[in-house]
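The values are calculated or read from the model by the stated rules, or taken from the named source; none is laboratory data. Every value quoted in this text rests on a predicted model; they were computed, and no experiment measured them. Positions of Cβ are generated from backbone atoms using ideal geometry, with glycine treated the same way; all protein chains shown enter the neighbour counts. When the accessible area is computed, the model is the full protein with side chains, heavy atoms only, and any ligands, DNA or RNA have been set aside. Shrake-Rupley method; radii C 1.70, N 1.55, O 1.52, S 1.80 Å.
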Amino acid sequence: MNLLKDLNFNTENKTPLYLQIANCITDNIARGNIKNDTKLPSINVFSKQYNVSRDTVEKAYKVLKSKSIIVGKKGLGSFINTNELVSKASVLFLINKLSPYKLKVYDAFINRIGDDYHTDFEVYHCNESLFLSLIDKNLNKYDYYVIMPHFKILSPEEASIKSESTKLINSIPSNKIILLDNNDMNIDGDIIEIYQDFENDIYRSLKEGSNKIKKYNKINLIISKGETYPYLNKICNGFIKFCNEFSFDFKIINKVDESEIIEPGNLFITITDDHLVSLLDCISANKELNLGENVGVISYNETPFKRLLNIAVISTNFVKMGESAANMILNNKKGRRKNPFVFIDRSSV
């Protein structure tokens, strides 16, 4: 490959030109078109050949040097410095918390993306400051950024994602962005997005299971009080919409413990596994209650132990989410896709 004739980049593309140049060189290395120890044209020569500014070429070379893709040899110029790791496309996978569900997404992504991609894994614990720091220090270092954007908020009324995170994600070239799970970010450009529609998902799944649900007199949604997330507000909205449409008596409660009065004819929907365990303990301690007969339980998000206990769930397909993201990268496709969400009927309803 001739570096002074065969590189392709578009001055009308939204991606900064220096990043296009760096990405183009990296992509050709990954494809084997540019070999190890190949000498790069000097900044002046490259600038004149492609009619771009010296500053643009210099910034592109700096990006490549920061990733150790090229090295400077004193008195000789800059050379391609590939190894097995550098020649692979690189992915930064940013996960909001170490839950079994999120790890399912990550594992499915890794299994599907294959050995030609190197993936680094970071957890920001739903902390926006940590998230901003991780993105900032890793800008321009990866070919793809897979992000699950969920942040703690101060009150249930504060439902919008903070502008700093959106602004920083927008500084990443759109062709490198893959957003998973949450579609609140409003990121510009032609990106990959695999998301849950929290409000409509719970509404539709409860509607799907309404024939079983209607035997109960009251539906209780259990959501923790205090720190919350925008998606919890959406779950509440979808729950209320369903109850109002089907004329169910309902209540939103913050916890279940021994002091909570659980009466026959009640159905409970739990969001967290901790609440599910507490609820099952209370039901089993009351001899008047029979799970699936005069008291019902539906849990949010599928897990193996819920299958084992025969607990009904409403859940997105986390494996599908990770596989879909990987497939879109592998097939060079862009777009926004809603992840499948289902009601799984079991004997607890």
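Comparison of SER224, SER205 shows that the only residue that is surrounded by fewer than 16 Cβ atoms within 10 Å (Cβ to Cβ), closer than 30 Å to HIS125 by Cβ and within 24 Å of the chain's Cα centre (by Cα) is SER224. Taking the criterion of being open to solvent by less than 10 Å² (accessible area, probe 1.4 Å) and in contact with a Leu (Cβ under 9 Å, 6 or more places away or on another chain), the residues of the range 303-317 that qualify are LYS306, ILE311, ILE314. A count restricted to the range 129-151 and to residues that are within 15 Å of the chain's Cα centre (by Cα) and at pLDDT below 90 stands at 2.
The rows are residues; the columns are (1) part of a loop (DSSP other than H, G, I, E, B); (2) touching a residue at least 40 places away in the same chain (Cβ under 8 Å); (3) touching a helix residue (DSSP H, G or I) at 6+ places or on another chain (Cβ under 9 Å).
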{"site": "ASN220", "(1), (2), (3)": "no, yes, no"}
{"site": "GLY238", "(1), (2), (3)": "no, yes, yes"}
{"site": "PHE250", "(1), (2), (3)": "no, no, yes"}
{"site": "VAL256", "(1), (2), (3)": "yes, no, yes"}
{"site": "ILE262", "(1), (2), (3)": "yes, no, yes"}
{"site": "PHE268", "(1), (2), (3)": "no, yes, yes"}
{"site": "HIS275", "(1), (2), (3)": "no, yes, no"}
{"site": "LEU280", "(1), (2), (3)": "no, no, yes"}
{"site": "ILE283", "(1), (2), (3)": "no, no, no"}
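Say whether the condition of being touching a strand residue (DSSP E or B) at 6+ places or on another chain (Cβ under 8 Å), closer than 24 Å to ARG204 by Cα and part of a helix (DSSP H, G or I) is met by at least one residue in the range 305-312. Checked against the condition, which is being touching a strand residue (DSSP E or B) at 6+ places or on another chain (Cβ under 8 Å), closer than 24 Å to ARG204 by Cα and part of a helix (DSSP H, G or I), the range 305-312 yields at least one hit. Scan the range 33-69 for residues that are β-branched (Val, Ile, Thr) and at pLDDT 90 or above and the total you get is 6. Counting the residues of the range 293-302 that are under 34 Å from the mean Cα position of the chain (by Cα) and open to solvent by 10 Å² or more (accessible area, probe 1.4 Å) gives 2. Consider ASN33 carefully, then state whether it is more than 28 Å from the chain's Cα centre (by Cα), surrounded by fewer than 18 Cβ atoms within 10 Å (Cβ to Cβ) and not in a helix (DSSP H, G or I). So ASN33 fits the description; yes. Inside the range 229-283, residues that are open to solvent by less than 20 Å² (accessible area, probe 1.4 Å) and of a type in the set (Phe, Trp, Tyr) make up a count of 3.
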